[in-house]
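Each value in this text was obtained by applying a stated rule to the coordinates, not by laboratory testing. None of these values were measured; they are calculated from a predicted model. Reconstructed Cβ throughout: ideal geometry from the backbone, glycine too, with neighbour counts over all protein chains shown.
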Amino acid sequence: MIYHGNRFKLKAGVTQEQIEEALELMHTQGREIPVVKSYLVGREFGSGGFDWGAVFALEDLDAYWDYLTHPAHTRTEREGMRLLERFEAYDITDDDDPDFAAKVAALQQRHRDTDPVLKDLLAELPVNTGVSAVPAAGSGAA
């Protein structure tokens, strides 16, 4: 099982209406993406100064790819990324494959490579960390 998480801080000036629309997009992912086993969208109370977060439970790496490329997810990316000051994506898994992190990085890279709009949106974020971060030129990081 993979728990794919997102934490984000909104830009100054984002309206309550925009927040509600963005959160509804996250809920739509949970309701409409068939491979999502369960999900939670809510306020972030951890360290790091994030405002909101979401976690989506996925069965395996095939489901992860289906989640990344589902229209509900790509719509959230296109509409939501513009509202963010900081974004972090992370994964928690009980998969004991020693290559799990590299496989997730490859899926995220493939997702960016097949979607230049997303790659640009991620690159424009002031702070983007975790599994979806666009690697810095020459860093080799994912």
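For the stretch 1-95, GluC sites (Glu not before Pro) are listed when DSSP marks them as loop and at most 16 other Cβ atoms sit within 10 Å of their Cβ; the list is Glu59. Residues whose amide H lies under 5 Å from that of Ser132, counting only those 5 or more places away or on a different chain, are Ala89; hydrogens are built 1.01 Å from N in the peptide plane. For the stretch 60-72, 3J(HN,Hα) computed residue by residue from phi via the Karplus equation (6.51, -1.76, 1.60; θ = phi - 60°) reads 6, 5, 5, 5, 4, 5, 4, 5, 4, 9, 5, x, 5 Hz, glycine and proline entered as x. Over the chain, Cα pairs under 8 Å with separation of 6+ residues give a relative contact order of 29 percent.
Distant-in-sequence amide contacts of Ile33, defined by a placed amide H-H separation under 5 Å and a gap of 5 or more residues or a different chain, comprise nothing. Calculated mean residue ellipticity at 222 nm for the chain: -13000 deg cm²/dmol, from DSSP H runs with n ≥ 4 weighted as -39500 (n - 2.57), summed, divided by the residue count and rounded to 500. Remark: Ile92, Ile2, Ile19 ranked as Ile92, Ile19, Ile2, counting other beta-carbon atoms within 10 Å and listing the fewest first.
Ordered by the count of other Cβ atoms within 10 Å of each Cβ, fewest first, Val127, Val36, Val14 give Val127, Val14, Val36. Taking amide H as placed 1.01 Å from N in the peptide plane, Arg86 has its amide H under 5 Å from the amide H of Lys9, each at least 5 places away in sequence or on another chain.
Taking a sphere under 14 Å around the Cβ of Pro71 and counting the other residues whose Cβ falls inside, with K and R at +1 and D and E at -1, yields a net charge of -2.
For the stretch 79-90, 3J(HN,Hα) computed residue by residue from phi via the Karplus equation (6.51, -1.76, 1.60; θ = phi - 60°) reads 8, x, 4, 5, 8, 9, 9, 9, 9, 9, 10, 8 Hz, glycine and proline entered as x. The ranking of Thr114, Thr74 from fewest to most other beta carbons within 10 Å of each one's beta carbon is Thr114, Thr74.
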